[in-house]
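Heads up: the structure comes next, in structure tokens.
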Amino acid sequence: MRLDEDTIADLFRIQSLVLEAKGAAKELEELPERAVILAARTKKRAIEEKNTEVGKLYEAAESKAAAFAEEDAALAEKQRKAQADIDEARGSYRNVEARSKEMNGYAKRRAVLEQNLSDVLDELARIETVQKQVSMALAALNSKEAEATEAFVEKGTALKRRIAQLDAERAEIEQQIPADVMKAFRQLSDRTGGVAIARLAGGACSACRAPVDAARVTHMRASGNVGNCPQCGRLLVLD
């Protein structure tokens with residue numbers, strides 16, 4: 001085929017715009033902030049799951065502490081009543097002895113409860129420490145995610161704007177090219193990753209680097225100044 005220099009220049013410009021838009025799209029897809037955001041969210045989910053488990057442990061420990069405290073209060077009331085009975089019994093040895101045994105039993109059980117309650121309070125303190133660490137970790141991840149998101153939006157918006165500008169310029173130029181030429185160019189562009197046109201340089205295709213023998217070049221020139229590379233099929237500018 002024969003194309004004028006302006007059309008050839010336009011095709012190379014379109015190719016350049018397509019490749020630049022592809023590069024910008026790839027850059028958008030591979031923005032490092034995207035990985036940071038995804039990693040932060042994955043870690044947050046894991047920490048939040050752990051935080052839920054820790055919360056359940058805290059509730060269980062609180063329930064035990066409340067049960068121990070309730071039992072101790074009940075025993076304290078029993079001790080008070082037993083002491084009142086002893087005070088009223090005065091000279092009744094058997095009554096005093098029985099109540100004294102009860103008092104000793106209550107005292108022993110309260111001592112056990114005191115130790116149990118102390119252990120549970122220590123457990124609660126340890127859980128609270130873990131909860132604080134979890135809260136700090138979540139706060140740090142939230143901050144990291146927010147910072148990465150802000151940068152991602154800023155960079156992503158700029159890249160999307162650039163892609164839109166490139167597409168608009170390409171569409172404008174395409175309107176100036178014959179429909180049949182543009183159709184062939186698009187098909188080749190889709191098949192070759194955006195590189196649809198090349199030049200014959202040093203007897204070879206500048207895109208695929210395959211040599212084109214002189215006889216083939218002479219044959220292609222007989223049909224115009226643009227042919228197809230016998231190796232890759234791209235439009236090959238012969239002049």
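Only the coordinates and a few stated rules stand behind these numbers; no lab work does. Model, not experiment: these values are computed from the prediction. Virtual Cβ from ideal backbone geometry, glycine too; neighbours counted across all protein chains shown.
Return yes or no: is A196 over 22 Å from E30 (Cβ atoms) and crowded, with 17+ Cβ neighbours inside 10 Å? Taking the combined requirement at face value, the residue satisfies it. Pairs are defined by a Cβ separation below 7 Å, a sequence spacing of at least 6 or placement on different chains, a first member in segment 218-239 that is over 18 Å from Q187 (Cβ atoms), and a second member that is of a type in the set (D, E) and assigned to a loop (DSSP other than H, G, I, E, B); the pairs so defined are N225/D239.
Here is a check on your reading of the model: is A65 part of a helix (DSSP H, G or I) and touching a Lys or Arg at 6+ places or on another chain (Cβ under 7 Å)? Steps first, please.
Values: part of a helix (DSSP H, G or I): yes; touching a Lys or Arg at 6+ places or on another chain (Cβ under 7 Å): no.
No; evaluated as a whole, the condition is false for this residue.
Every condition in (1) farther than 30 Å from E150 by Cβ; (2) in contact with a Lys or Arg (Cβ under 8 Å, 6 or more places away or on another chain) is met by G55 except one, and the failing one is (2). Taking residues in segment 179-208 that are under 17 Å from S16 (Cα atoms), and partners anywhere that are of a type in the set (D, E, K, R) and assigned to a helix (DSSP H, G or I), the pairs with Cβ atoms closer than 9 Å and at least 6 places apart or on different chains are M182/E174; F185/E174; R186/E174; G193/K22; G194/K22; A196/R186; A196/D190. In the set (1) more than 25 Å from A125 (Cα to Cα); (2) touching a Ser or Thr at 6+ places or on another chain (Cβ under 9 Å), the condition left unmet by N51 is number (1). If you go through segment 186-208 one residue at a time, do you hit one that is more than 44 Å from the chain's Cα centre (by Cα), over 30 Å from N51 (Cα atoms) and outside any strand (DSSP E or B)? Scanning segment 186-208 turns up at least one residue that is more than 44 Å from the chain's Cα centre (by Cα), over 30 Å from N51 (Cα atoms) and outside any strand (DSSP E or B). Among the residues of segment 86-111, those that are surrounded by fewer than 13 Cβ atoms within 10 Å (Cβ to Cβ) and part of a helix (DSSP H, G or I) comprise D87, E88, Y93, R94, E97, K101, N104, A107, K108, A111. Within segment 150-185, restricting attention to residues that are among the polar types (S, T, N, Q) and part of a helix (DSSP H, G or I), the residue that is farthest from E30 (Cα to Cα) is Q165.
Let's see how each residue does on (1) within 24 Å of E5 (Cβ to Cβ); (2) surrounded by fewer than 16 Cβ atoms within 10 Å (Cβ to Cβ); (3) touching a Gly at 6+ places or on another chain (Cβ under 7 Å):
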position	(1), (2), (3)
I163	no, no, no
D167	no, yes, no
K183	yes, yes, no
V237	yes, no, no
